[in-house]
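> One structure, pasted below without further comment.
The values are calculated or read from the model by the stated rules, or taken from the named source; none is laboratory data. Predicted model only: the values in this text are computed from it and were never measured. When we count neighbours, we look across all protein chains shown, and the Cβ atoms used for this are built from the backbone with ideal geometry, even at glycine.
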Amino acid sequence: MRQVSTGLFGWFGLRPPAGVEFQAAWGARAIQDGRGKKQIIATLPDRKQAYPEDPDLVPEAFKAWLNGKLGSWLNRNCDAGWIDPGSPETFRLDDGVFHAVASPNRSHGYLYVGAWMDADAAGGAP
């Protein structure tokens, strides 16, 4: 299943960049809490979503990456140590066929996250 990002569909987190072809995507509006080394990023079940919407159609490799590498990256504050909640800065993680972006978008409390799996990645959906 191949999707081209148009940026037109509703989404909690950051979308894959316009024109990018992907077979799976995930987005969340996470909460930033705390300061300095005590800052945490928490995702809420009702503020995240995936494409395809049917969990059985999301490639297992992407699910594993979300729960492993992406989760660890977010737990490390996107490898930044601390993320200024008022910043417009965007953080990026590229890991082979998997990609993620995160930004507080000057929200003063949220971290918008988006992740996707390349359209031509092996082991994806039929």
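> Determine if the range 76-89 includes at least one residue that is of a type outside the set (F, W, Y) and within 13 Å of W26 (Cβ to Cβ).
Checked the range 76-89: no residue is of a type outside the set (F, W, Y) and within 13 Å of W26 (Cβ to Cβ).
> What about R47, is it touching a Phe, Trp or Tyr at 6+ places or on another chain (Cβ under 9 Å), of a type in the set (K, R), surrounded by 13 or more Cβ atoms within 10 Å (Cβ to Cβ) and more than 11 Å from A115 (Cβ to Cβ)?
yes
> Mind checking which strands (runs of 3 or more DSSP E) fall wholly inside the range 46-126 and carry at least 1 residues that are over 30 Å from G36 (Cβ atoms) and at pLDDT below 90? Outline the logic, then answer.
Working: elements: 48-51, 91-95, 98-103, 110-118.
The qualifying strands (runs of 3 or more DSSP E) are 48-51.
> Of the residues that sit in the range 3-34 and are among the polar types (S, T, N, Q) and in a strand (DSSP E or B), which one is modelled with the lowest pLDDT? Break it down stepwise before answering.
Initially, the range 3-34 is screened for residues among the polar types (S, T, N, Q), giving 3, 5-6, 23, 32.
Within this subset, residues satisfying the condition of being in a strand (DSSP E or B) are 3, 23, 32.
On the way: Q3: 55, Q23: 93, Q32: 91.
The selected residue is Q3.
> Could we say that W73 is among the aromatic types (F, W, Y), free of Cβ contacts under 8 Å to residues at least 40 places away in the same chain, crowded, with 19+ Cβ neighbours inside 10 Å and under 13 Å from A115 (Cα atoms) here?
Here the answer is yes, as W73 does meet what is asked.
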